[in-house]
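Below is one structure, written out as structure tokens; the observations come after it.
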Amino acid sequence: IQIDAAVNPGNSGGPLCDVGGKVVGIISLKIVQDEVEGMGFAIPIEDAIEYAKAIEEGGEVERPYIGISMVDLTQEYYLWQNRINIPEGVDEGIAVMEVVKGSPADKAKLEKGDIIVKLGGSDTGSLAEFRYELYKHKVGDKLEVTYYRDGKKKTTSITLGKNEE
């Protein structure tokens, strides 16, 4: 869940409540950049409960992993700095900044500069949407990725790996 309210340092792990006081998520991340003010993310409470049950039962939580670093297309300075060009007519998606060698993305032949616009058939207009779609799936799932490279629309299949972090 993307939070557009201020998240103070140290509030990770705290509850995210709706206007009625009901806990709807657990705050998990605050973005700290000069260009971003008051943006954070929370794990939906349904997911947090599922993770807690798995841990209580001696299991572990596996998060899917594809092995890229990425930025929103709105981050024009980073795109310019890394010489990443956005194709004509593409105004939403995420830019691949780096591909981890040997990762699922590397095996799927994704490259720095690719602009991902769909993951598993769903639009990925922003980093938040990309992560939301990614975390709907499990380790081992095979997804279709739609992306642009050198102005041409392409697709590839990627098998999600396990995030070891």
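Odds and ends about this structure:
- Looking across region 8-50, the residues that are modelled with pLDDT of 70 or more, out of contact with any strand residue (DSSP E or B) (no Cβ under 9 Å at 6 or more places or on another chain) and among the β-branched types (V, I, T) come down to V19, I49.
- Residue within region 93-111 that is more than 15 Å from the chain's Cα centre (by Cα), farther than 22 Å from D141 by Cα and part of a loop (DSSP other than H, G, I, E, B) present: no
- Condition met for V145 (aliphatic (A, V, I, L, M), out of contact with any Gly (no Cβ under 6 Å at 6 or more places or on another chain) and touching a residue at least 40 places away in the same chain (Cβ under 8 Å)): no
- Leading residue by the ranking (farthest from N163 (Cα to Cα)) among those in region 65-92 that are of a type in the set (S, T, Y) and not in a loop (DSSP other than H, G, I, E, B): Y77
- Taking the criterion of being in a loop (DSSP other than H, G, I, E, B) and among the basic types (K, R), the only residue of region 112-132 that qualifies is K112.
- Selected residue (only one of K53, K109 is at positive phi and either modelled with pLDDT under 90 or loosely packed, with under 15 Cβ neighbours inside 10 Å (or both)): K109
- Neighbours by Cβ (under 8 Å, 6+ apart or cross-chain): first from region 82-102, open to solvent by 20 Å² or more (accessible area, probe 1.4 Å); second among the acidic types (D, E) and modelled with pLDDT under 95: E92/D123
- Positions within region 64-77 being surrounded by 15 or more Cβ atoms within 10 Å (Cβ to Cβ) and either closer than 21 Å to V139 by Cβ or of a type in the set (F, W, Y) (or both), in sequence order: P64, Y65, I66, G67, I68, M70
- So T146, is it under 21 Å from L79 (Cβ atoms), open to solvent by less than 40 Å² (accessible area, probe 1.4 Å) and either under 13 Å from the mean Cα position of the chain (by Cα) or of a type in the set (G, A, S) (or both): no
- Scanning region 119-140 for residues that are within 18 Å of T155 (Cα to Cα), touching a Phe, Trp or Tyr at 6+ places or on another chain (Cβ under 9 Å) and open to solvent by 30 Å² or more (accessible area, probe 1.4 Å) yields a single hit, S122.
The values are calculated or read from the model by the stated rules, or taken from the named source; none is laboratory data. Computed from a predicted structure; not experimentally measured. So basically every Cβ, Gly included, is an ideal-geometry build from the backbone, and we count neighbours across all protein chains shown. These accessible areas exclude ligands, DNA and RNA; they are computed on the full protein's heavy atoms, side chains included. Shrake-Rupley method; radii C 1.70, N 1.55, O 1.52, S 1.80 Å.
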